[in-house]
Amino acid sequence: MKTFIFCLLISTTSMFSQEINSVVESLNKDEIYNRVSGEPALTNAKNYIINQFKTLGLEELTDGYTDDFEVKSGLSLGDNSVSFGLIVPRMGIPMDRIKPSIQNWEFQKDWLPLGFTSDGNISEAEIAFVGYGITAPGYDDYSGMDVKDKVVIILTDSPEGEKSEKYNIFSSYEYKVKNAQKNGAVGALFIKAMGDSANVFEPVIVDKFNSGIVALQANRASLERYFPKKQALIDQEKAIRETKSPKSFILPNVKGNINLQLETKAFKYSNVYGMHEGEDNNRNLIIAFPYDEALSDKKIEDYLKKQNKFYYESGNNISGIATALELARRFKVNPAPVNIVFAALSGDEPNLEGARKMVAELDERVANSSAIFYLDNTEKIHKKHLIINSNDPLIVEKFRGVEAFKTLNAEAKELDARDTNPIISKNKKYVRVWNKLRSYPPAKREWTESDFAELNEYINLLEQTIRNLTQE
């Protein structure tokens, strides 16, 4: 008698794909997609995550899982204007009798305020170019210059470029605008140093620091037209870089007018916290992930809505959210010996406000956590490259030692000093998980079965490392 044994093969990759596809599909729906403050989609996304936390059996750490807060993170512009009066010399007519030609600047095209600017009304002020606006040992852009009651034009970076140890403490916007004020200037126009992003504005983020004077960022191409031909902006900048000496001067025949009246806008956000409780209730490990939207550009939004497909960057951090929810599912099935806290952070675009609020609200848990994993954009774009950063060299080595990590196109290294996440100051075992490349608008490629399988490998790696940390 022959016995036949039938084996039912179940594809775990396929099951996993269904789980992740469900999250991706939900977060790409019109009612959830545009997750920016003030949009119903952000509230819908919050409610979706709360329902997922409930389904996955996470305990509440705050009433209704939420931690609501308000942040002044935008500027409301009233009747503001920037213009320049250009005097064109005419033969036989004294300069003081020539009526200036007024050239009005266009908001967002020619100028934007900086988030720390003060209000102000400046009329017919002289304009001075002060190079990089730095006063440092052996170098002073204000040497021999009288900029009292003038508007100064300041380049970003330093005479030695963007990454200069010598001028590092003198290169920030805050230092430069305070130095301008100290020298008597009534306004500062910042322009980007020459390069690919020379005409790209910085996002307007309200800062607690206040400049005390009007501080704007100007389009380089719009401003360089006022420089005399013999002292062209690009020539002056190159000369400073080459000689490492200032080339400051007063722009002839140009007067500036700036009227700036601003009001800060308050935005409402909510973090969502949940926890799988462990046997050792005194130990915690936190998995944090932002869920608000970086892509608020209407053109990108419209483009995506016309597509009947889902893309890697079709919404900010979709796969990061999916990764966190999958980890929550796994730790429900196979609990860890310590508390695993899941923190969905809002207000993280663009100023990490959600992380700041988490540090304040979960202060003790954050400070005493075995580690904090921050899942920030784990999408894979153009090429598949996962980066694990940590401020703890031992954690970096743990990742490098995991066999699965060696088979992935991945990299583990100590944290870049430029990462300013406030969690770092509270916890010495901060781990950032992110993709090296980002692409806006999104890459035109659907998620495939192999893509889900690779993301599954990433999550397996994270789960294994997290479990190793919780056993210590």
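The values are calculated or read from the model by the stated rules, or taken from the named source; none is laboratory data. Note that the structure is predicted; figures quoted are calculated from it, not measured. Virtual Cβ from ideal backbone geometry, glycine too; neighbours counted across all protein chains shown.
Scan the stretch 243-253 and give yes if some residue there is at pLDDT 90 or above, aromatic (Phe, Trp, Tyr) and in the same structural domain as Gly133 (by TED's automatic domain parsing), otherwise no.
yes
When residues of the stretch 121-138 are filtered for being in contact with a helix residue (DSSP H, G or I) (Cβ under 9 Å, 6 or more places away or on another chain) and in contact (Cβ under 8 Å) with a residue 40 or more places away in the chain, how many remain? Don't jump to the end; show me each part of the working.
First, the residues of the stretch 121-138 that are in contact with a helix residue (DSSP H, G or I) (Cβ under 9 Å, 6 or more places away or on another chain): 127, 129-136.
Narrowing the set further to residues that are in contact (Cβ under 8 Å) with a residue 40 or more places away in the chain leaves 127, 129-135.
Summing the residues that are in contact with a helix residue (DSSP H, G or I) (Cβ under 9 Å, 6 or more places away or on another chain) and in contact (Cβ under 8 Å) with a residue 40 or more places away in the chain in the stretch 121-138 gives 8.
Residues in the stretch 145-162: is at least one more than 13 Å from Arg241 (Cα to Cα), in a strand (DSSP E or B) and touching a residue at least 60 places away in the same chain (Cβ under 8 Å)?
Within the stretch 145-162, one or more residues are more than 13 Å from Arg241 (Cα to Cα), in a strand (DSSP E or B) and touching a residue at least 60 places away in the same chain (Cβ under 8 Å).
Which residues, taken from the stretch 404-433, are in a helix (DSSP H, G or I), at pLDDT 80 or above and either small (Gly, Ala, Ser) or farther than 20 Å from Pro290 by Cα (or both)?
Hits for the stretch 404-433 are Phe405, Ser425.
Considering only residues that are surrounded by fewer than 19 Cβ atoms within 10 Å (Cβ to Cβ) and in contact with an Asp or Glu (Cβ under 8 Å, 6 or more places away or on another chain), look in the stretch 268-289 and name the one that is farthest from Asn44 (Cα to Cα). Reasoning before the result, please.
Let us first name the residues in the stretch 268-289 that are surrounded by fewer than 19 Cβ atoms within 10 Å (Cβ to Cβ), namely 268, 277-283.
Then drop every residue that is not in contact with an Asp or Glu (Cβ under 8 Å, 6 or more places away or on another chain), which leaves 268, 277.
Details: Lys268: 14, Glu277: 27 Å.
Once the filter is applied, the top-ranked residue is Glu277.
Hey, does the stretch 322-339 have a residue that's modelled with pLDDT under 90, not basic (Lys, Arg) and not in a strand (DSSP E or B)? Spell out the reasoning first.
Filtering the stretch 322-339 for residues modelled with pLDDT under 90 gives 322-323.
Okay, now just the ones that are also not basic (Lys, Arg), so 322-323.
Checking the rest, the ones that are also not in a strand (DSSP E or B) come to 322-323.
Yes, the stretch 322-339 contains a residue that is modelled with pLDDT under 90, not basic (Lys, Arg) and not in a strand (DSSP E or B).
Let me confirm something: among Lys163, Lys208, Lys178, which residue is basic (Lys, Arg) and either crowded, with 19+ Cβ neighbours inside 10 Å or at pLDDT 90 or above (or both)?
Numbers: Lys163 fails: either crowded, with 19+ Cβ neighbours inside 10 Å or at pLDDT 90 or above (or both); Lys208 fails: either crowded, with 19+ Cβ neighbours inside 10 Å or at pLDDT 90 or above (or both).
Just a single option satisfies the conditions, and that option is Lys178.
Please indicate, with yes or no, whether at least one residue in the stretch 242-251 is free of Cβ contacts under 8 Å to residues at least 12 places away in the same chain, part of a helix (DSSP H, G or I) and of a type in the set (D, E, K, R). Explain how you work it out, then say what you get.
Here is the first cut: in the stretch 242-251, the ones free of Cβ contacts under 8 Å to residues at least 12 places away in the same chain are 242-243.
Narrowing further to those that are part of a helix (DSSP H, G or I): 242-243.
Pick out the ones that are also of a type in the set (D, E, K, R) and you get 242.
Scanning the stretch 242-251 turns up at least one residue that is free of Cβ contacts under 8 Å to residues at least 12 places away in the same chain, part of a helix (DSSP H, G or I) and of a type in the set (D, E, K, R).
Of all residues in the stretch 330-371, how many are touching a helix residue (DSSP H, G or I) at 6+ places or on another chain (Cβ under 7 Å) and closer than 17 Å to Leu461 by Cβ?
Within the stretch 330-371, residues that are touching a helix residue (DSSP H, G or I) at 6+ places or on another chain (Cβ under 7 Å) and closer than 17 Å to Leu461 by Cβ number 4.
Going by the conditions given, is Ser37 at pLDDT below 80, in contact with a Gly (Cβ under 8 Å, 6 or more places away or on another chain), more than 29 Å from Val338 (Cα to Cα) and assigned to a strand (DSSP E or B)?
Numbers: at pLDDT below 80: yes; in contact with a Gly (Cβ under 8 Å, 6 or more places away or on another chain): yes; more than 29 Å from Val338 (Cα to Cα): yes; assigned to a strand (DSSP E or B): no.
No; evaluated as a whole, the condition is false for this residue.
Would the stretch 215-222 turn up any residue that is free of Cβ contacts under 8 Å to residues at least 24 places away in the same chain and either farther than 21 Å from Glu160 by Cα or out of contact with any helix residue (DSSP H, G or I) (no Cβ under 7 Å at 6 or more places or on another chain) (or both)? Spell out how you get there, then give the answer.
Quick first cut of the stretch 215-222, residues free of Cβ contacts under 8 Å to residues at least 24 places away in the same chain only: 221.
Narrowing the set further to residues that are either farther than 21 Å from Glu160 by Cα or out of contact with any helix residue (DSSP H, G or I) (no Cβ under 7 Å at 6 or more places or on another chain) (or both) leaves 221.
Yes: the stretch 215-222 contains one or more residues that are free of Cβ contacts under 8 Å to residues at least 24 places away in the same chain and either farther than 21 Å from Glu160 by Cα or out of contact with any helix residue (DSSP H, G or I) (no Cβ under 7 Å at 6 or more places or on another chain) (or both).
If only one of Ala266, Ala198, Ala215 is modelled with pLDDT of 90 or more and not aromatic (Phe, Trp, Tyr), which one is it? Break it down into steps so the answer makes sense when it comes.
On the way: Ala266 fails: modelled with pLDDT of 90 or more; Ala198 fails: modelled with pLDDT of 90 or more.
Matching residue, one of Ala266, Ala198, Ala215: Ala215.
In this structure, does Ala355 turn out to be crowded, with 24+ Cβ neighbours inside 10 Å, under 22 Å from Lys428 (Cβ atoms), modelled with pLDDT of 90 or more and not polar (S, T, N, Q)?
Values: crowded, with 24+ Cβ neighbours inside 10 Å: yes; under 22 Å from Lys428 (Cβ atoms): yes; modelled with pLDDT of 90 or more: yes; not polar (S, T, N, Q): yes.
So Ala355 passes the test.
Looking at Asn284, Asn317, which is the one that is modelled with pLDDT of 90 or more, more than 30 Å from Asp146 (Cβ to Cβ) and outside the structural domain of Ala185 (by TED's automatic domain parsing)?
Details: Asn317 fails: modelled with pLDDT of 90 or more.
Of Asn284, Asn317, the one residue that is modelled with pLDDT of 90 or more, more than 30 Å from Asp146 (Cβ to Cβ) and outside the structural domain of Ala185 (by TED's automatic domain parsing) is Asn284.
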